[in-house]
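Novice: Take this structure, written in structure tokens, and hold onto it; I'll ask about it next.
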Amino acid sequence: MFKPETAKYDLQILNYKLFAMLKSLFKTGWRSLQKNRLYSFINLFGLTVGITGSILIGLYITDELSYDKFNTNAGNIVRVTMEDGQGETQNKTAVTGTKVGPQLKRVFSFVDDYARLINASRVIKYSDKLFTEKSVLYADAPFFKMFSFKLLDGDQATALDAPNKVVLTQSTAEKYFGNENAVGKVITMEGRGDCRVTGICADAPGNSQIQFDFVASFTSLDASKTEEWFTANYTTYLQLHNNTNITAAEKQVDGYMRSIVRKELGMKGSEYLTYHFEPLLSVHLHSSLGGLEPNGNINYVYIMFVIGVLILAIACINYTNLATAQSATRLGEIGIRKVMGAQRWQLFMQFIGESFLITFIALVFAVVISIQLLPLFNGITGKSITALSIIRPMPLLFMALLAVIVSLIACAYPAFILSNSGLSKILRSGFSFSASGNGIRKSLIVVQFVISLFLIIATIVVKLQLYYMQNKSLGYDKDHLLVLPIDTKTRPGYETLKAAIKRLPGVEGVSGAYETPTLIKWGDGVKKTKSDNDLGISVNAIPVDFDFIQTMKMHLVTGTDFQRSDLALMDTINNYKNFTFSFIINETAAKQLGWKPNEAVGKTIYKGNRGVIKAVVQDFHFTSLHETIKPLVIFLDPTFAQEMYVRVNSADVRQAISSIQGIWKTRVPWHPFEYHFLNDDYNKLYKSEQKTAAIFTVFAGLAIILACLGLFGLAAFTTLQRTKEIGVRKVLGAGTTTIVTLLCREFLQLVCVAFVIAVPLGWIAAEKWLEDFAYRISINVFVFLVAGAAVLLITLLTAGYHAVKAALANPVDSLRTE
């Protein structure tokens, strides 16, 4: 008969026994740690480093995968991308004209709403405060309804529903207004006049593609007054109905564009214009088209995951090898426990318990160290991860589970072989590892070397490619070029400002352009004749000022630079009837148009209006080295200049900048003197590669440190096993060099095996990564020799310590060792 009282009593006894067992395991483990302090420190250090690296990598991956998921409507929002072309020539971009959002909402019932966005730099003034703000976002009224940026004050329905309305982020409001209520205040915005603050929103999360300090109403822009399919400068987002099939919706839009809109635009032949939909949640990691913020790369997430696993694997291997080496000193303890009746499972649990203890101590250290390293890690990765990301319940639970897994993996092998050893064998001949056990131990060391070599090879390749990109001849000289902003208020006095700066000592050239030559985004098209049936080509285009070619130090293959007389050809009267552009095209454009460079000069082509080719410029890189050089048209139009480029003499850059600042403050007092170098714009193109190089360097360094610990353990174990052999050899006359060579030879053999395995793996991975670059380095044998030499040197230094120590020991002491 069931008795509750008896069951309760039995449960209490069971709990007491379980507590007593855990207490015994903890006490035994703690004594073991104290008894073998050196090995305990190495184990603890290795696991702490490995878990710390895994935590930081886990935070990076989690942040990358979380992009834009804070938006409640994220599953229904898509970014519209534009594709246009003619024949086999096509142009794809992540920006569209102003008509896309409104027209698609009018025509298709699956479109609930739209928001057109464009980021701009503006000078903002309030009272005596004047700042150049580089993150002013213009957006349509539904912006705060579509995206989950929290409004702390204001009405999301009316905050952006009329011209000259602006919403500030919380940090920006504090910057301008301190503790005052900002809503209702009036600020002055360059080019837009007075704007009323209609709301305050929380700062944009770091894991958002859309970043801003101000959100101004899109209707404040002149572009909002007309709807155009082309003039692609705006990022357009659509909010679709729930459960809309994106692929089917995209096909409907494509059919509409290729039939009705194609006729509306008067397209002929193979000309076309269409749009694609990218789900909001896939843009950051999966889109090949740039956006408001630089994209991530899903491949880099995979790489980081693999690095995290490899670092943790090395830490586990270290623990296994060091536990194995240390176990040879615990023969007496194992024998006595077996004599006292300890079962196999009890010994196994003892060693597992010791592993759990040291792993959880390492976990505590790793969490604390990770929090302390976050500022440095954020600086390397460009993230803004906080300590709250670590100490929340779910991450802590995951890390505890990780510690359990690490404990089991790291200690399973030594715990099994120790608990499985027969008592008679231990008492008769002591404890020794079998040949298979030695094979497993050596295999683990080879794995460590393979991982270390792989990461070193990858680091060298990434750094060489980065060096190649930073030092490759681009077709122009990007050094010592200052970039200054030209706003709408500065433009009327642009020519006199340019002339004043050009007269300064140390200034070698001054010009201007619509955008930076490091990344020309303007997409356009040109034809040989005005006929609609004539096949043209898609090109990038950039309007420039006089002396642009000279200031950039570009090379004209043939023809002459722009002249003042070319302005007279730009006749705008009589509805542009006699308007003629002056063009300089690159070699690729000339080739695609069917001409040799000398044949192209003097030819007429059409970019909307007629234009005469003045010259052909040598191909230069105006996008990332990920892409091949495309056709480019440079056309004269100083009124488009938004940036001024000033080339200064390298001999006295500071003095030249100081002189330019003096001119600027006198002639442009309404705009703060803020400049940067063109080099900075170029380096921004390779932020992902710079982060990758830094991350590989850090974690390759960690892998080497952990591999050294593994070598230390193996060397300690080998030396301990061969103590008497070394003593006998010394008695028989063996010298120090002979003994050191004998002990190090095994490690060098393991390195050679690892080298043979790591080289093809590293080569395949490096080639795969380099496929993403149109212009890249060639991998040569030097990369692998450097990696191999580095690991060999590390091996000799680490293993050599124990080898030299054993070789210098007194042989009498060695032979006396029990």
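The values are calculated or read from the model by the stated rules, or taken from the named source; none is laboratory data. The structure presented is a predicted model; accordingly, all values stated were derived computationally and were not measured. Ideal geometry is used to build each Cβ from the backbone, glycine not excepted, and the neighbour counts take in all protein chains shown. Please note that ligands, DNA and RNA were not included when accessible areas were found on the heavy atoms of the full protein model with its side chains. Shrake-Rupley method; radii C 1.70, N 1.55, O 1.52, S 1.80 Å.
Novice: Please enumerate, by chain and number, the aspartates and glutamates with C-alpha under 12 Å from the C-alpha of K268, excluding those fewer than 8 residues away in the same chain.
Specialist: K268 reaches D532, D534.
Novice: Using the Cα gyration tensor of the range 562-624, with a ≥ b ≥ c the square roots of its eigenvalues, what is the shape: rounded (a/c below 1.5), prolate (a/b larger than b/c) or oblate (neither)?
Specialist: Judged from the Cα gyration tensor, the range 562-624 comes out prolate (a/c at least 1.5, a/b above b/c).
Novice: Calculate what fraction, in whole %, of the accessible area of the range 460-580 sits on carbon and sulfur atoms when a 1.4 Å probe is rolled over the protein chains.
Specialist: 53
Novice: How much area per residue is accessible in the range 51-188 when the probe is 1.4 Å and only protein heavy atoms are counted (Å²)?
Specialist: Details: 5500 Å² over 138 residues.
Accessible surface, normalised per residue, equals 40 Å².
Novice: Going by the alpha-carbon gyration tensor, a ≥ b ≥ c the square roots of its eigenvalues, is the range 51-200 rounded (a/c under 1.5) or, if a/c is not under 1.5, prolate (a/b greater than b/c) versus oblate? It would help to have the intermediate numbers written out before the result.
Specialist: Values: a/c = 1.73, a/b = 1.20, b/c = 1.43.
Oblate, since a/c reaches 1.5 and b/c is not below a/b.
Novice: For the range 513-647, what is the convex hull (Cα atoms) projected area averaged across all directions, in square nanometres? Write out the running numbers ahead of the final one.
Specialist: Numbers: hull surface 32.8 nm².
Answer in nm², one decimal: 8.2.
Novice: Taking the alpha-carbon set of the range 563-714, what are its Rg and Dmax in Å?
Specialist: 24.7, 88
Novice: Then there is this: Greater than 28 Å separation of Cα atoms is the criterion. Which listed pairs, K502/K591; K502/K691; K383/K768; K478/K687; K498/K596, meet it?
Specialist: K502/K591; K502/K691; K498/K596
Novice: Right, something else. Pull up all non-local amide H partners of F212: gap of 5 or more, or a different chain, and H-to-H distance under 5 Å with H placed in the peptide plane.
Specialist: Those lying under 5 Å, H to H, from F212 are A204.
Novice: Right, next: Probe of 1.4 angstrom, ligands and nucleic acids ignored: what's the accessible area per residue over the range 572-646, in square angstrom?
Specialist: Working: 3110 Å² over 75 residues.
Solvent-accessible surface per residue comes out at 41 Å².
Novice: Residues with beta-carbon under 14 Å from that of K521, excluding K521: net charge, scoring Lys, Arg +1 and Asp, Glu -1?
Specialist: Result for the local shell: -2.
Novice: Right, another one. Give me the net charge of V557's neighbourhood, meaning all other residues with Cβ under 13 Å from the Cβ of V557; Lys, Arg count +1, Asp, Glu -1.
Specialist: Charge balance near V557 sits at -1.
Novice: In terms of Cα to Cα distance under 16 Å, which aspartates and glutamates are near enough to K165, apart from those fewer than 8 places away along the same chain?
Specialist: D140, D153, D155, E190, D194, D213, D222
Novice: Same structure, new question: Over the range 118-258, one equal point on each Cα, no solvent: what is log10 I(q)/I(0) by the Debye formula at q = 0.09 Å⁻¹?
Specialist: With one equal scatterer per Cα and no solvent, log10 I(q)/I(0) is -0.31.
Novice: Mind listing the phi-derived Karplus ³J(HN,Hα) values for the range 486-493, rounded to whole Hz, using 6.51, -1.76 and 1.60 with θ = phi - 60°, and x for any glycine or proline?
Specialist: 10, 9, 5, 6, 7, 4, x, x
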